[in-house]
1. Can you spot the aspartates and glutamates whose alpha carbon is less than 18 Å from residue 169's alpha carbon? Ignore those fewer than 8 places along the same chain.
2. At 7 Å along Cα-to-Cβ for each site, give me the label-to-label distance between residue 77 and residue 151 in nm.
3. Quick check: the distance between the Cα centres of the stretch 158-181 and the stretch 71-122, to the nearest angstrom?
4. Applying a 10 Å radius around every beta-carbon, put 71-83, 146-158 in order of their mean neighbour count, most first.
5. Output the peptides 63-70, 94-101 sorted from most to least packed, where packing is the average of other Cβ atoms within 10 Å over each peptide's residues.
6. Do any GluC sites (Glu not before Pro) in the stretch 31-64 lie in a loop, going by DSSP, with at most 14 other beta-carbon atoms within 10 Å of their beta carbon, and if so which?
7. Work out Dmax and Rg for the stretch 90-167 from the C-alpha atoms and quote the Rg first, both in angstrom.
8. For the stretch 109-143, which GluC sites (Glu not before Pro) pass both filters: DSSP loop (anything but H, G, I, E, B) and at most 14 other C-beta atoms within 10 Å?
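Bear in mind that the values in this text are calculations on the coordinates, not laboratory data. None of the values given here were measured: they were computed from a predicted structure. Cβ coordinates were reconstructed from backbone atoms using ideal geometry, including for glycine residues, and neighbour counts include every protein chain displayed.
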Amino acid sequence: MYNVKKIVLCFILCALILSLCACGKKSEDQAVIYEETIGGLEDNELFAIIDTNAPLPVLLVTSQVFDNGTGKQAALTCDIYYPADKEVKKIGMIESMGTAYPVSYDETGIYTASGHAMQRYEVEQSGTMKLAEVIQEQFDENGTAAYTMETGNETKTISEEEYYDAFEKYNNAVVVSFAYGASDAAR
């Protein structure tokens, strides 16, 4: 009886260890799809692989970075790559306006911004990128601000409070940290 309990306990312990070892590997394992693309980058190009709204990780590539003050190599512009039709394709380019607004992401998409606007892009399973949401602050000739939100084909006027609430999604997103290679990517 003692040996049976010991054997069952060993099996449970082994299963637990194996399941814990597998945690966090999904993105790393799926990122293998970008090996060839990363291997073909120019010497001055940096990359990041991010998990966002897409079913697979998304590859971002840039040749211009800056230290955002937290030790991350952030960027204002980058090319977006994603697997489609059994090959990795460049599906778009995005750009933020100013070092105060580096390219960022969360589980809903990839963000760019400026002092008066924010854009959220989504990568679709089909391998296309779409502009999912835009908020803007615009001023008339008298300096009066107006705020709009575009989602899909709909544009609506929103309040200043709604504008800042929507912009908060960008502020809470993670700044993309670009790296030159595997040793640099671990930072």
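1. Straight-line reach from residue 169, under 18 Å: 51, 95, 106, 107, 122, 133, 137, 150, 160, 161.
2. Between residue 77 and residue 151, the simple spin-label model gives 3.1 nm.
3. Their Cα centres are 11 Å away from one another.
4. Values: 71-83: 20.0, 146-158: 12.5.
Per-residue Cβ counts within 10 Å, averaged per peptide and sorted highest first, yield 71-83, 146-158.
5. Working: 63-70: 12.9, 94-101: 15.4.
Per-residue mean Cβ counts within 10 Å order the peptides as 94-101, 63-70.
6. In loop regions of the stretch 31-64 (DSSP not H, G, I, E or B), the sparsely surrounded GluC sites (Glu not before Pro) are 42.
7. That works out to 13.4, 45 Å for Rg and Dmax.
8. Working: sites: 122, 124, 133, 137, 141; in loops: 124, 141.
Sparse-neighbourhood loop GluC sites (Glu not before Pro): 141.
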